[in-house]
There are 2 protein chains.
Amino acid sequence: MTLEIRPVHGIGDVTAGDDLAELITRAAPWLADGDVLVVTSKIVSKAEGRLVEVPADGPEREEARQRVLAGETRRVVARRGNTTIVQTHHGFVMAAAGIDASNVDKTHLVLLPADPDASARALRAGFAARGLTVAVIVSDTMGRAWRNGLTDVALGAAGIDALLDHRGQFDPYGNELSLTQMAVVDELSAAAELVKGKTDRVPVAVVRGYSYNGGDSDGPGVSVLIRDAESDMFGLGTTEAHARGLREAAALADVMPLTPTDPAVVESVVAGFAQVSLTAENVRLTPVSHSPGDLIRLGAEAHRLRAALAAENIPTTIAVDDDGATVTFGAPA
Amino acid sequence: MTLEIRPVHGIGDVTAGDDLAELITRAAPWLADGDVLVVTSKIVSKAEGRLVEVPADGPEREEARQRVLAGETRRVVARRGNTTIVQTHHGFVMAAAGIDASNVDKTHLVLLPADPDASARALRAGFAARGLTVAVIVSDTMGRAWRNGLTDVALGAAGIDALLDHRGQFDPYGNELSLTQMAVVDELSAAAELVKGKTDRVPVAVVRGYSYNGGDSDGPGVSVLIRDAESDMFGLGTTEAHARGLREAAALADVMPLTPTDPAVVESVVAGFAQVSLTAENVRLTPVSHSPGDLIRLGAEAHRLRAALAAENIPTTIAVDDDGATVTFGAPA
């Protein structure tokens, strides 16, 4: 399999209501069945009228931008300086929700397509109406964790499976390929970017010669690539998660539902505290003296202990009496 | 610019000491000046003898694997179930430090090349010795945050700039492209993966027709793509950072260096606490009564307040006396 990646020149300015399938087939009369079209989301957004008017400059512009960003945001993932990483309503994790001020006049911002998989399906139908059976990917440029530089990835797809699943295959040594699902639509988007460039003059590239799965139907699109926040190990920025831990420490309820406990973990946490005695289900803290100062210090110490146990995922309750405090944890698992 | 991506077939098994430039030029006599060779790190590791012997099965195998992983790990980034994401000594953030048991017999594990940029340079020199001026990328398969599926990215590169910098360019509307540095070596790796597949039979692909920067020298390689942990907003897993916040709450020193404070933030935190009075630089907590229980509760409350302020990045000191506690923060900025 040899691939060819061709830029599509001459598409020109795209404005709301334009028929992209028409513009693309006119600019690339050489399109053929089986081609994968990678279309920059920017022109999809423009054709779909996903622009909002904003002041050209001044503080009003920034205020308007913040309002637009809030509207595109499902939740804030991380913030540092002027950079805000959010999860969009689609589920994508992107800086500034993918809102873009480039390749548009200064009085507008371009939003991502409302439903990029639907955009890809509509575009694919437009090609089908012209007798062309192709796959369509709507792509955009994204940053990533841990590595400098941006790459293009897929926001929407139709007529191609987003994932190529090698699970169940065996390598020449008889090892099962157990964990390998390749995000081929992202790789195709990256490949296409290499011929597109950044100034909107080449918003489409065509990958020819790639044999892909899923061409019989539109398929579920890029939605299968979106990892939900709970199963993501990086669902929140480091600083934000750290602050959340501190906030949780501030808010520990006196009574919490207990869970089964690993005694070795409790022991290692409690070892860091003085004036305590440990049983199988609780820690008793006794004050150095009954002076007010020592009693106040005991209270702080009891809360420290509860936070230290919470850090090990061990919820506790606290009971206070005239002679000290008892911090209770769950019975051994 | 039209790109062509060709697989290189017939390289066969690679073993320690093999001359990869020789194997590749023999399998691809059609190589030409200006080509970008994308070489799967697996065969680079094998040629460099980066294999370790491990038991074929049983608990001994898993123990050996954990030992090898620890040796390849600079720091653990996140852990969940059997998955450990680490930063390697190179600086890459990868599951299991990129250690691989596929495409190798069951008594060996394959480590990443010790210095993939150096591997790429050596390979490029090997081609140069055969009269070929090419760029070399050493690639591997990686997962990423937020998106399902894997993609290939670059671990090492020579003769090509890892980043293509669009900063300072202007789009057709006169907007400066201020933030756009494309990680083209990652995009080339992704493109190459599309023709390589996963079973080690096609470990090399050639990208032809890509005009790249940096061909006059080896250049700094992929090292420029590595983001250091401090400037990374996702340097630690969410669960790990959250636990670190709780641990910090448990360990707050009675005296901490104070920093300038935003009074509005202090006010909003303190609003959540009872029995307190707020001045410009401290919060005074007074007990409901001087009974031992109320004094102990006051101590816990003072520590809660300190954790809540720490969550807003406000360090505090605490002083305890017979009538209550004083939590002091920095003067207004």
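Measuring from centroid to centroid over Cα atoms, what is the spacing of region A:187-227 and region A:1-68 in Å?
After rounding, the separation between the Cα centres reads 14 Å.
Please give the net charge around A:Arg208, taking every other residue with its beta carbon less than 12 angstrom from that of A:Arg208, where Lys and Arg add +1 and Asp and Glu add -1.
On the way: positive: A:Arg6; negative: A:Glu4, A:Asp33, A:Asp35, B:Glu4.
After counting each charged neighbour, the total is -3.
Could you calculate the contour length gain from A:Val265 to A:Asp322, that is, 0.36 nm times the residue separation minus the distance between their Cα atoms, to one decimal place in nm?
Once the chain is fully extended between A:Val265 and A:Asp322, it gains 17.6 nm.
Going 7 Å from Cα along the Cα-Cβ axis for the label, what nanometre distances separate B:His108 from the same residue across the other copies?
5.8
Need one number for region A:252-329: average projected area of the convex hull over its C-alpha atoms, nm².
Values: hull surface 18.5 nm².
It is 4.6 nm².
Hey, what did region A:20-135 get for relative contact order, percent, Cα under 8 Å, at least 6 apart?
Here the relative contact order equals 34 percent.
Pop out the ³J(HN,Hα) list for region B:132-145 in order, Karplus 6.51 cos²θ - 1.76 cosθ + 1.60 with θ = phi - 60°, rounded to Hz; leave Gly and Pro as x.
Values per residue, Gly and Pro as x: 10, 9, 10, 9, 10, 10, 9, 10, 8, 8, 9, x, 9, 6 Hz.
How many lysine pairs in the protein assembly as shown, separated by 8 or more positions in sequence or lying on different chains, have Cα atoms less than 20 Å apart?
Pairs that pass both the separation and distance tests number 14.
Please compute, for peptide B:273-279, the average count of beta-carbon atoms on other protein chains lying within 10 Å of each residue's beta-carbon. Walk me through the numbers before you get to the answer.
Working: counts 1, 0, 0, 0, 0, 0, 0.
Taking all residues of B:273-279 together, the mean is 0.
Counting only other chains, and only Cβ atoms inside 10 Å, what mean value do you get across the residues of A:218-224?
Across the residues of A:218-224, the mean count of other-chain Cβ atoms within 10 Å is 1.
Considering amide H positions built from the backbone, and no H for Pro or chain starts, which residues 5 or more places from B:Val138, or on another chain, come under 5 Å of its amide H?
Sorted by chain and number, the residues that satisfy this are B:Val39, B:Leu155, B:Gly156, B:Ala157.
Where does chain A land on Rg(C-alpha)/(2.2 N^0.38 Å)? Mind showing how you got there, number by number?
Details: Rg = 28.0 Å, N = 333, 2.2 N^0.38 = 20.0 Å.
Here the answer is 1.40, to two decimals.
Run the label-point distances for B:Thr259 please: 7 Å along Cα to Cβ, every other copy, nanometres, shortest first.
Those separations, rounded to one decimal, come out as 3.1 nm.
List every DSSP H helix in chain A whose Cα atoms extend 27 Å or more along the helix's own long axis and whose mean Kyte-Doolittle hydropathy is at least -0.5.
Membrane-span-like by this rule: A:292-311.
Would you list B:Arg67, B:Arg121, B:Arg297 from fewest to most Cβ contacts within 10 Å?
The order, fewest Cβ neighbours first, is B:Arg67, B:Arg121, B:Arg297.
How high is the relative contact order of chain A, in percent, counting Cα pairs under 8 Å that sit 6 or more residues apart?
18 percent
For region B:252-329, what does the relative contact order come out to in percent, with C-alpha contacts under 8 Å and a separation of six or more?
Relative contact order of region B:252-329: 40 percent.
Report the calculated FRET efficiency for B:Ala32 and A:Asp13 (r = Cβ-Cβ distance, R0 = 35 Å), to the nearest 0.05.
0.40
Show me A:41-53, A:11-23, B:142-154 ranked by packing, highest mean number of other Cβ atoms within 10 Å first.
In descending order of packing, they fall as B:142-154, A:41-53, A:11-23.
Within a 10 angstrom radius of each residue's Cβ in A:135-145, how many Cβ atoms of other chains show up on average? Whole number is fine.
Working: counts 0, 0, 0, 0, 0, 0, 3, 3, 5, 11, 10.
Mean shielding by partner chains, rounded to a whole number: 3.
In nm, give the distance between the simple-model label positions of A:Asp57 and B:Arg74, each being 7 Å from the Cα along the Cα-to-Cβ direction.
The answer from the label model is 4.2 nm.
Given only helices, namely DSSP H runs of n ≥ 4 each adding -39500 (n - 2.57), what is the per-residue ellipticity at 222 nm of chain B, to the nearest 500 deg cm²/dmol?
The per-residue figure over chain B is -9500 deg cm²/dmol.
Rounded if a/c is under 1.5, else prolate if a/b is larger than b/c, else oblate: which is region A:1-68, with a ≥ b ≥ c the root eigenvalues of its Cα gyration tensor? If you can, show how the numbers build up before the last one.
On the way: a/c = 3.47, a/b = 2.48, b/c = 1.40.
Cα axes put region A:1-68 in the prolate bin.
When chain B is treated as a GNM, springs tying every alpha-carbon pair under 10 Å, which of B:Gln181, B:Gln66, B:Gln169 comes out with the largest mean-square fluctuation?
Maximum among the listed residues: B:Gln169.
Shortest first and in nm with one decimal, please list how far the B:Asn213 label point sits from its counterparts in the other copies (point 7 Å along Cα→Cβ).
3.9
Have a look at B:Ala129, B:Ala192, B:Ala96 and tell me which one the Gaussian network model of chain B (Cα, springs below 10 Å) gives the largest fluctuation.
Maximum fluctuation in the GNM of chain B, among the listed residues, is at B:Ala129.
Rounded if a/c is under 1.5, else prolate if a/b beats b/c, else oblate: with a ≥ b ≥ c from the C-alpha gyration tensor eigenvalues square-rooted, which is region A:205-302?
Note, shape of region A:205-302 comes out prolate.
Bear in mind these aren't lab numbers, they're just calculated from the coordinates by the rules spelled out. Keep in mind that this is a model prediction, so the values were computed, not measured. Cβ sites come from the backbone with ideal geometry, for glycine too, and all protein chains shown count toward neighbours.
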